[in-house]
Amino acid sequence: MSLRFFPFLLICFCLRAISAENPAVSAGPVEIEINPAKSTVRFTLGALLHTVHGSFKVKGGTVRFDPASGQAGGQIAVDVSSGETGDSARDRQMHENVLESARFPNAVFSPDHVQGQLAMSGDSQLEVHGVLRMHGSKHEMTVPVSVKVQDHLVTATAKFVVPYVAWGMKDPSNLILRVDQTVKVEVAMTGREVSAK
């Protein structure tokens, strides 16, 4: 065996061992199309007498990012006018006085940077930075996202807090009812990896 060939074999062996220990990570640009029918946005609002739970429908969207640079693009749209809590009177007040959903029917998140490595099979922890356009204003935010990839099917979950009063929305509290000025949001989205354009 040539002495020159031995180092080559050693390098191949080391690379194979490293790849066996780590799940394959994405090497090129990734594009994910969101499936609205399998995606949900749920929210929780603390109140003096009870906690309010509700949900919004996801309209859809596409997220693109380059693992090499971390640069991201695309957008995810949520139908604010679809928000419901199970109480028609409360929902009417929420839409008319707080969300003003007739004027601002959508909330749109546009990612611009992703930190972390996306495993193309299995679980990953990422941090996604971007801008949320809601109620006529733009808000920068960084969201921790848990991602699972299996057979090109991508599921992502995230939890964050929206300080809706600080963001210019009306506090629905009154003399009888007191509610928190922040709302907890839980997002669960499903999409499919497609060829990046």
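The values are calculated or read from the model by the stated rules, or taken from the named source; none is laboratory data. None of these values were measured; they are calculated from a predicted model. Methodologically, a virtual Cβ is constructed for each residue, glycine included, from the backbone with ideal geometry; neighbour enumeration extends over all protein chains shown. For accessibility, only protein heavy atoms count, side chains too; no ligands or nucleic acids. Shrake-Rupley method; radii C 1.70, N 1.55, O 1.52, S 1.80 Å.
Ignoring ligands, DNA and RNA, what percent of the accessible area of segment 86-185 is carbon or sulfur (1.4 Å)? Looking at segment 86-185 in its full context, I get 52 percent from C and S. For segment 68-189, the solvent-accessible area with a 1.4 angstrom probe is 55 square angstrom per residue. Full extension of the chain between Asp151 and Asp171 gives 2.7 nm of extra length, using 0.36 nm per residue less the Cα-Cα distance.
At the listed q of 0.12, 0.17, 0.22 Å⁻¹, the Debye profile of segment 58-149, built from one uniform point per Cα, gives log10 I(q)/I(0) equal to -0.48, -0.79, -1.04.
When +1 charges are put on Lys and Arg Cβ atoms and -1 charges on Asp and Glu Cβ atoms, the dipole computed for segment 94-197 relative to its Cα centre reaches about 160 debye.
Taking amide H positions as modeled 1.01 Å from N, with prolines and chain starts lacking one, the residues under 5 Å from Arg178 and 5 or more places away or on another chain are Leu48, Leu49.
Considering only His139, Thr190, Leu99, and ranking their Cα positions along the charge dipole of segment 47-197 that arises from unit charges at the beta-carbon of Lys, Arg, Asp and Glu, the one farthest toward the positive end is Leu99. With θ taken as phi - 60° and the Karplus curve 6.51 cos²θ - 1.76 cosθ + 1.60 applied, the whole-hertz 3J(HN,Hα) list for segment 70-82 is x, 5, 9, x, x, 6, 10, 10, 10, 7, 5, 5, 8 Hz, x standing for glycine and proline.
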